[in-house]
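Only one structure is covered here, and it is reproduced in the block below.
The values are calculated or read from the model by the stated rules, or taken from the named source; none is laboratory data. Predicted model, so just to flag it, every value in this text is computed and none were measured. Cβ placement follows ideal geometry from the backbone for every residue including glycine, while neighbour counts extend to all protein chains displayed. Just so you know, the surface numbers come from the protein's heavy atoms only, side chains and all, with ligands and any DNA or RNA stripped out. Shrake-Rupley method; radii C 1.70, N 1.55, O 1.52, S 1.80 Å.
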Amino acid sequence: MKIHLTINSALEENEIHIHAKEYNEQIERLMKQLQASQTTMIDGYIQQEIHMLKISEIFSIYAEDAKVFLQTEEQEFESKRKLYELEAQFAKDFARVSKSTLVNIHKIASIQMGKLGTTELMLENDVTVHVSRKYLKELKRHLGIGRDS
């Protein structure tokens, strides 16, 4: 991949142009990373109150009873977005670990590989999150561990 940088003081804001032979996984990941890097805050709701949360303070995001929740160290906030939207928006910092849960990879304290192929994540806030076998390989790739990294 070639990377070109052009400095133009006449521009009012930064622009990124991607020229590709075809749309593939690498291009998709690059676009998700660029989009995610622009977002540092998200709105979370507790009843009628709107709280602005730093992405770096969110430990996990999960769906339950058709609602999506943002879990911080102290509280849980409801999100108005869908889980798949948040997964795409925060692809750089969050990994899907089950059908209904995303975790902040920077908040993982340890990974416990149990008997019978079960895997649990211990987050820095002492919350344990189950990792589905379906998502384990992708989680390891995201963390850069294992044989496929």
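Residues in the stretch 105-121 that are under 17 Å from Ser56 (Cα atoms) and either of a type in the set (Lys, Arg) or open to solvent by 50 Å² or more (accessible area, probe 1.4 Å) (or both): how many?
Of the residues in that region, 3 qualify.
Mind listing just one residue for me: the one in the stretch 1-52 that is among the polar types (S, T, N, Q) and farther than 30 Å from Glu76 by Cα and, of those, nearest to the chain's Cα centre (by Cα)?
Filtering the stretch 1-52 for residues that are among the polar types (S, T, N, Q) and farther than 30 Å from Glu76 by Cα, the one nearest to the chain's Cα centre (by Cα) comes out as Gln26.
So, Phe94, is that one surrounded by 11 or more Cβ atoms within 10 Å (Cβ to Cβ), closer than 23 Å to Ile42 by Cβ and at pLDDT 95 or above or not?
Taking the combined requirement at face value, the residue does not satisfy it.
Which count do you get for residues in the stretch 52-82 that are open to solvent by less than 50 Å² (accessible area, probe 1.4 Å) and either among the β-branched types (Val, Ile, Thr) or part of a strand (DSSP E or B) (or both)?
Final tally of qualifying residues: 14.
Would you call Glu87 surrounded by 12 or more Cβ atoms within 10 Å (Cβ to Cβ), assigned to a helix (DSSP H, G or I) and of a type in the set (Asp, Glu)?
yes
Which of the residues spanning the stretch 107-148 are polar (S, T, N, Q) and modelled with pLDDT under 90?
Thr118
Do you know which residues across the stretch 88-100 are among the polar types (S, T, N, Q) and within 13 Å of Glu138 (Cβ to Cβ)?
Ser98
Would you check if there is a residue in the stretch 13-30 being among the aliphatic types (A, V, I, L, M), outside any loop (DSSP other than H, G, I, E, B) and under 27 Å from Asp126 (Cα atoms)?
no
Mind listing whichever residues of the stretch 107-142 are assigned to a loop (DSSP other than H, G, I, E, B) and touching a residue at least 24 places away in the same chain (Cβ under 8 Å)?
Glu124, Asn125, Val127, Ser132
Sort out which residues of the stretch 101-127 are under 20 Å from Leu70 (Cα atoms) and in contact with a Leu (Cβ under 7 Å, 6 or more places away or on another chain), and write them in order of number.
Leu102, Val103, Ile105, Lys107, Ile108, Ala109
Enumerate the pairs (first residue in the stretch 31-51 and of a type outside the set (Asp, Glu) and open to solvent by 50 Å² or more (accessible area, probe 1.4 Å); second residue anywhere and at pLDDT below 75 and in a helix (DSSP H, G or I)) with beta-carbon separation below 8 Å, excluding pairs fewer than 6 apart on the same chain, so at least 6 apart or on different chains.
Once the first residue is of a type outside the set (Asp, Glu) and open to solvent by 50 Å² or more (accessible area, probe 1.4 Å) and sits in the stretch 31-51, no partner that is at pLDDT below 75 and in a helix (DSSP H, G or I) comes close enough.
Among the residues that make up the stretch 89-110, is at least one of them more than 24 Å from Gln33 (Cα to Cα) and either polar (S, T, N, Q) or out of contact with any helix residue (DSSP H, G or I) (no Cβ under 6 Å at 6 or more places or on another chain) (or both)?
Yes: the stretch 89-110 contains one or more residues that are more than 24 Å from Gln33 (Cα to Cα) and either polar (S, T, N, Q) or out of contact with any helix residue (DSSP H, G or I) (no Cβ under 6 Å at 6 or more places or on another chain) (or both).
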